[in-house]
1. Out of A:793, A:843, A:377, whose Cα points farthest toward the positive end of the dipole of the protein assembly as shown (charges: +1 Lys, Arg; -1 Asp, Glu; placed on Cβ)?
2. Lys/Arg Cβ at +1, Asp/Glu Cβ at -1, dipole of region A:618-693 taken about the Cα centre: which of A:621, A:675, A:649 is farthest positive-ward?
3. Determine by what factor the alpha-carbon radius of gyration of region A:1-74 differs from 2.2 N^0.38 Å, reporting the quotient.
4. Enumerate the residues in region B:54-68 having an amide nitrogen under 17 Å from the point lying 7 Å beyond the Cα of residue B:45 toward its Cβ.
5. Can you give me the Cα centroid spacing of region A:641-702 and region A:93-136 in angstrom?
6. Might you report the magnitude of the Cβ-based charge dipole of the protein assembly as shown about its Cα centre, with Lys and Arg at +1 and Asp and Glu at -1, to the nearest 20 debye?
7. Using a ≥ b ≥ c from the Cα gyration tensor of region B:20-85 (square roots of the eigenvalues), is it rounded, prolate or oblate, where a/c under 1.5 gives rounded and otherwise the larger of a/b and b/c decides, a/b for prolate?
8. Let a ≥ b ≥ c be the square roots of the eigenvalues of the Cα gyration tensor of region A:549-588; is it rounded (a/c under 1.5), or, if not, prolate (a/b larger than b/c) or oblate?
Amino acid sequence: MDHQQIQALVEQACEEFKHPATQQRAEQVLLQFRRSHNPIPACQHILERSPSAEARFHAACTLREAAVREWASTPPEARAAVRSYALAYAAHHAGEAGLSVVRATLVGALAVVLKRGWGEMDAESRAAFFREVEAAAAPPDGPGAAARLRVVLEVLEAVVAEFSLATASAIGVAWDYHERCRSELEAQFLRQFFQMALDVARSTATSGAAAAGGDAGACAAAMALMCAVLNWGVRNGGGGGGMAAPGRPRGGGDGGGAAAALRPGQAWGEVLLAPGATDWLLGLLPSLRGAAAAGQLAVRARALVVAYCSLAGDVFPRPAPGDAAAASPAAVAHCGRMLQAALPWVTPAEGALHQALANDEAELLDGCRALSSLAANHKPAAFAAAADALAASGAPHTFAALEELTRAALAAGGAAGADAAEPWVVDATDMLLDAWSSLLSPQCGYAMAAVAPPRGAAERAARAFAALVEAGLADAAAGAHEDATEEEDQGAGAAAQEEWLSRAAVLARAAPAPALGLLADRVDAARAELAAAASSGRDASEALERLCWLARAAAHALADTGAGEMPLPPEALLLALSAGGPAAAAAGAAAERLSCALLEIAGLCLSPEARAAGAVSPRLCEVALWAAARWADTYLFPEDEPLPEALEARFGAAGGGGQAALELLAAAANQCLTGYPGESDLTGVTTGALLPVLVRRRAAAARLLSSEPWRALAGAFARREPVLARDLPQKQQRALARSLCAAAAAFAGDHSAGNGRPPGEGARAAGEYVRQLMEPAARELAALAAHAPAQLAAAAERADVQLQVCCLVETLRGALRATLPSTQPVLWQLLSGLLQPLLTLHWAFRHQAQ
Amino acid sequence: MASEEHHETFESTDAGASLTYPQQAGTIRKNGYMVAKGRPCKVADVSTSKTGKHGHAKCNFVCIDIFTGKKYEEMTPSSHNMDVPNIARLEYTLLDINEEGFCTLMMENGDTREDLQLPKGTEEADKLAETIREQFGAGQELIVSVLKAMGEEMINTVKIVNQ
């Protein structure tokens, strides 16, 4: 078949493809064409002669596939010819709008062919090819020049995409070939591409052609190429020494990490940071707002700004050693320029948010992204310096803008999590909170003490936090009547909520006096509301839910999770409290007030009137005990570091406050274990979170052992009361036994307390304590096993006996988990007596899987 | 108090023993047993829910009748007591199967009983009946184990005795 016939066939198939009746047959024809042997000459014929755009498109696809497929059988000159042909065709037809898809396919084909042949090309031929590419834009003036330029840029962008590991196509070569291509392109040509794109963008922008649309999209294409180059490191995950990018990808928010860090390396400092490198961009941006904000040029320009904001690492000259907290001037200048670019998108805050809600939120989101990237990648001192410099020249201060925007976003529903009306508001709020976190987290270095957050940021943080509290409470109350889903309470939803609250806590800790005081006030208000609702018989769910939120927030603000590390009061709080002066005193007072408020919430579950009136729900108890446990882990009788002054006075060993708090929590635990039958979540928190914390420290455990509530609990346990021994879920029984036995640690090691008792005495007391706890259980088990086999077999079929045995075994397991050197002899003695009974029981229960 | 309980109830083997035992709903786990609508059932699924966030916890059970295979769903507050059936397993040697499907079974002490039919009512039961007939017809010596709960009995599994 000659080319003419093939062309007719393909055109016919394209026509038929549009109609459902003939679609399948047409598809077959096209596929056959695509797989045919050596189709390239036919493709070229169609590309040049055919009037049908679809036919040309199919020809282009076929050409691309065939080039890779038949690579081995194509002589080198033919391969180069395909490349040149694609280039020439795209450049020649640059201006034809209807052929954009065809051009894109051909450009992609070019990139693939280039990569496939890259290994065999030497440096000279590679350079020659790129010169050829640039030459395709010639002549630089005259009709269609801008369009040709754009095509050249698109070609380079396709090459960058193809050579980047994340977006490379499968061409049937080994991984290390891909890697080699990547690193060679990076080392030899990447900067050259960037420089070229920069030049094009700068000239079209400054000449006004871009804004007016007279550049046929060349500026936008140039900016896309620059973004692709800047993002090279992110996509390739830090391979090689050049463009490493260990960014931390943020889950929320669309479009790649909101605060990913691009680290191009020192060599790029010149081209990226020189003042002239971005001025053209700053000049272009104002014309891209309003109606033009949604256009492609604006989108690309904003993406480029965000990429610039994400620069970090060696590209900024390293500051002099010993001066690590100070900011390098280049970084400050860059930061300032980027702020100048991004701030107009988000100020004035109300107007910007209103506009985003009404029309298109992309501009606002890009603004938030830029701010959060800048905050994450620059030291707070640098950011503050840049913000100050910018404010001095008349623009609004960045911190003020950040505060207003945060408040506006929160008011518009930013706290609502997954249920928000507009999900992007939530993303924006998350990014803003990230920015605050980066700004306000105290910077600790090896050789220097922690540095306080920048001046001016703290008061604004306090106001932003106030807005956050309002929004959080409103959201809590709104959800008070829905059912709690499993996911929300335990799964991904709970983890997300924890993260959110911990970022909110950063805000609170930056300005402790107002923020913690606000929380304490709100707690009082919520409790009053609760009492009022209960006494008048109304439904108290909203007040309860608000109190739950406040308890969680207070626990987060006052204490870190302490998982995997020694729980200490948060760095930021310590910093504020040790600063001295009236501010520190106010902060201390606020912290104390909030701690007391938190303990009072836990104490609510002890009041029988409150329970009867419906003012206390199992969920409130659960949250309150969880929050109290977190607080107590840090603040109740710490062993290593002394508490800050204000809290030491109230809760320390000297005053009675600590003891009172301990007894309150022990009584609460007791009540929640015995007084709420069937609430396994609540008992789970009690046995899993609260009790282990109370017995963890020796000082606390010692006081606990002599307190009334603990004795009551231990006594009930030893008597094997049904509410503890039978009705608790089995794993929780294990945890309960463990905590009870672990408290024995307080007996031993009394020698240092100077009360004159010999060391052996402590161990003996510990052993006696554990024996009293566990002996009844052991005896019960042995008694069961001692029955005659026939009776035992009959008993083994009874469900209640099965349950009893399971619970006994779990209790023993728990006790053994908490074995201490001092209690080991006693436990061993108990257990050795049980070995035979356990075997007997094992045989008797051989049919029961449990 | 707890230990006295056991002494009195272990005296008798099955004449005075109750058929069910009350247990708190929150402690019944999956693959355990419970009584639903008067039938002994095996628990297939348990989940807890609350009315609103501040109500009390309730348990939802999905359970399957041991004997008929029917599915039941129950919802009760977690602090409520549910009945849990006592399940007994007895083993007999299979001596004969007559035309109507009644099996002659012999206990360890030599007594026989003929009041039990081949299992039926659910798919697995029918399959088991098939298997028993096949193996018995092939001349194998079989031991069957019978599941007994709340006054009902049914053949549960069959084993071939190795010579």
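Please treat every number below as a calculation from the coordinates, not as lab data. In this text, all values refer to a predicted model and were calculated from it rather than measured experimentally. Every residue, glycine as well, gets a Cβ built from its backbone with ideal geometry; the counts of neighbours run over all protein chains shown.
1. Working it through, the farthest residue towards the positive pole turns out to be A:377.
2. The residue sitting most towards the positive pole is A:675.
3. 1.05
4. Within reach of a label on residue B:45: B:58-65.
5. 71
6. Charge dipole of the protein assembly as shown: 1920 debye, to the nearest 20.
7. On the way: a/c = 2.43, a/b = 1.72, b/c = 1.42.
Taking the square roots of the gyration eigenvalues as a ≥ b ≥ c, region B:20-85 is prolate.
8. oblate
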